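Asker: Here you go, one structure.
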Amino acid sequence: MKVLIPKTGDPWTDIGIVTFYQELEHIQDHELLESLHLAPGHLEFEIEVEYIDEVKQLLQTRMKDKLNRILLPPVELKLLKRNQEWSKKDAAGFLNERFKTVLTDSEIEFLKSKTDEHGREKPFLSHPQKNVEMTSMRNFIGIKGDWKRATKTYIEEINDFFDQYHPGSKKKKVCPLCGRLGDPAHFHPMNQSRNVLFNQHHGVPVRGYNSSVAKEKMCPTCNLLNLYSTVQVHWHPYFVSNKQVTHLLIPELNDLVTLNKLFRKVEAKLYNLLKETRLVSYRTNIAELKVQTLYVSLLQLYFWMNYVREEAEFHYDPLDPTTRRSIKNWIIPRYSKGQNVIFKDFSRVSVREDIFNLTKRIPYGRNKVQEGDVVYDFIYQIRSEDPRLIDQIAEGIFRKDRGKIVEALFQLFKLSLRNDVKNSISYLGLSFFPDFFTYLNAEVDKVISEQLQADLRSLGAIIGQNCYDDLSLLTKLNAAASKEAFIRALKEATFKMYKAVQASRKDRSSKADEQLNVGAEKINHILSHLDEENILTIRDTMMIYANLSAFWATKKKKEKGAE
């Protein structure tokens, strides 16, 4: 029996093809397949008829294991190490999705405690639940009822796949997805619980024509591939936002071979939520993700595609250039779970290969002896009562959009004046980002010259250092939308600094004079390059440095006042 499965162009189904290939790879170790080959455009394998039943049995056993990995115990039971209760399996070999239990008062107190009985620090829960029950992976696109249904039908679904390619099988119906012929009795409903990109879930008319609840059915091949993608939960990066909405991150690549390489890399940096005993939440499976927003998650994923952690150090271990170039988009389905799965808006984020350069670790500091990266040494150094600001900064970095970065930085600076405990950037972040932004302009984006970049950095730093207490002036500089408006605001800033220079000379403070005087040559150089086409680039570049410097100045002033 020869089977050829072409790449579909549906990212979810293509993940199913690659998953199926890896399952067959494992079976090939038993020497049951005549041939197995994954090409950029298709999966192909051949099997002798007498081995089909043995192959089916192996696939069924591995499918059972995948289904059991979807269910998760309550985090309370994991932290209490009460594993024997929830991990019991029924006669068919499956976990009990309806398992529930009640915790004792002493267990609740233990979960709240930050230390164990020996005084050692341990994971804790601020608000543990007393009544706990089994849950499912947040990136499983169904509910527990869908999981239970799959445990009863997976054997039939695997058998139907092989029957479709058997020479004696009935082939009377054309599949609306792939065009293959198959037995209509073996076709399966195209529910959104089987493919996140389908448009109907649990019989609810979501986006069907004329609000119809009628559903098409797909052939056994399409059904099995989508089943594999759905149960391959340890491949799907996800996070849950503050509004309890799950965001899946689905890569869209142009060939199956590179998709296979990508998932082998990404899988190593996704938490195995069953085995991670110290995790106190299932809100994400992306390793070390500290801010659960879209662009922070993408930057963290790209960082892990560049590096591996060995103990306390990061080692550069990038994807090969072909795989890096092949990643074209990330599709972001969003949904919430309750009695049903309620799908929200979907989006597609287009990406470029140079995003890998944005997450590289670079030297920084006075003598460039320190090494840092934009995720750990900047993004995770920001505090904000509004996580959308952090995500806007991350989006600006991800898209190389200076306007987004400067807008969010200035908003964060204004919030910090009201409450610098909830809204701040650490000294590490303020030290690292100016060098990173210079690297971004010089090595990644290359929009402005090196000398102009240096002059804008000097001028921006001095403006932020000396005008941090003049919100009106900083607002004018941040909002200047024309050449004339920018020059007016710049004149006001330089005049203010000129008066400060004169005052410093009266006090005979040469250090203050040096700090305040940017030099006419640098300002003239900036103005000579200023025109209506590059005004926003020059303004945003200067004001990123200015806003960072303003943060630094206010922190120093507060520390000095506290002495």
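The values are calculated or read from the model by the stated rules, or taken from the named source; none is laboratory data. On a predicted model such as this, the values are computed, not experimentally measured, just so you know. Cβ coordinates were reconstructed from backbone atoms using ideal geometry, including for glycine residues, and neighbour counts include every protein chain displayed. Keep in mind that these areas ignore ligands, DNA and RNA; they rest on the heavy atoms of the full protein, side chains included. Shrake-Rupley method; radii C 1.70, N 1.55, O 1.52, S 1.80 Å.
Asker: Cβ-Cβ below 9 Å, separation at least six or inter-chain, first residue in the range 385-400 and basic (Lys, Arg) and open to solvent by 10 Å² or more (accessible area, probe 1.4 Å), second in a loop (DSSP other than H, G, I, E, B) and modelled with pLDDT under 95: which pairs?
Answerer: What qualifies is Lys400/Arg352; Lys400/Asp354; Lys400/Val447.
Asker: Could you grab me the full set of residues in the range 92-114 that are outside any loop (DSSP other than H, G, I, E, B), touching a helix residue (DSSP H, G or I) at 6+ places or on another chain (Cβ under 8 Å) and of a type in the set (A, V, I, L, M, F, W, C)?
Answerer: Leu95, Phe110, Leu111
Asker: Please state which of the following conditions Ala489 fails to meet, knowing it meets all the rest: (1) farther than 30 Å from Gln370 by Cβ; (2) outside any loop (DSSP other than H, G, I, E, B); (3) at pLDDT below 90.
Answerer: (3)
Asker: Here is a follow-up. Looking at Glu31, Glu44, Glu54, Glu50 in this structure, which one is open to solvent by 60 Å² or more (accessible area, probe 1.4 Å) and part of a loop (DSSP other than H, G, I, E, B)?
Answerer: When all the criteria are applied, what remains is Glu31.
Asker: Considering only the range 311-323, I want to know if a residue exists there that is modelled with pLDDT under 95, in a helix (DSSP H, G or I) and surrounded by 19 or more Cβ atoms within 10 Å (Cβ to Cβ).
Answerer: Yes, because at least one residue in the range 311-323 is modelled with pLDDT under 95, in a helix (DSSP H, G or I) and surrounded by 19 or more Cβ atoms within 10 Å (Cβ to Cβ).
Asker: Residues Lys360, Lys404, Lys414: which one is at pLDDT 95 or above, within 17 Å of Asn306 (Cβ to Cβ) and either open to solvent by 50 Å² or more (accessible area, probe 1.4 Å) or not in a helix (DSSP H, G or I) (or both)?
Answerer: So the residue among Lys360, Lys404, Lys414 that is at pLDDT 95 or above, within 17 Å of Asn306 (Cβ to Cβ) and either open to solvent by 50 Å² or more (accessible area, probe 1.4 Å) or not in a helix (DSSP H, G or I) (or both) is Lys360.
Asker: Would you mention how many residues in the range 363-400 are in a loop (DSSP other than H, G, I, E, B), modelled with pLDDT of 95 or more and over 16 Å from Tyr302 (Cβ atoms)?
Answerer: 1
Asker: Inspect the range 431-450 for any residue being within 20 Å of Gln300 (Cα to Cα), touching a Gly at 6+ places or on another chain (Cβ under 9 Å), assigned to a helix (DSSP H, G or I) and open to solvent by 60 Å² or more (accessible area, probe 1.4 Å) and give the result as yes or no.
Answerer: The answer is no; no qualifying residue exists.
Asker: Would it be correct to say that Leu299 is open to solvent by less than 20 Å² (accessible area, probe 1.4 Å), in a loop (DSSP other than H, G, I, E, B) and touching a residue at least 24 places away in the same chain (Cβ under 8 Å)?
Answerer: no
Asker: Could you check the range 120-137 and list, in sequence order, the residues that are among the acidic types (Asp, Glu) and without any contact (Cβ under 8 Å) to a residue 12 or more places away in the chain?
Answerer: Glu121
Asker: Suppose the filter is in a loop (DSSP other than H, G, I, E, B), without any contact (Cβ under 8 Å) to a residue 12 or more places away in the chain and either in contact with a Lys or Arg (Cβ under 7 Å, 6 or more places away or on another chain) or among the charged types (D, E, K, R) (or both); does Glu117 pass it? Break it down stepwise before answering.
Answerer: On the way: in a loop (DSSP other than H, G, I, E, B): yes; without any contact (Cβ under 8 Å) to a residue 12 or more places away in the chain: yes; either in contact with a Lys or Arg (Cβ under 7 Å, 6 or more places away or on another chain) or among the charged types (D, E, K, R) (or both): yes.
Yes, satisfied.
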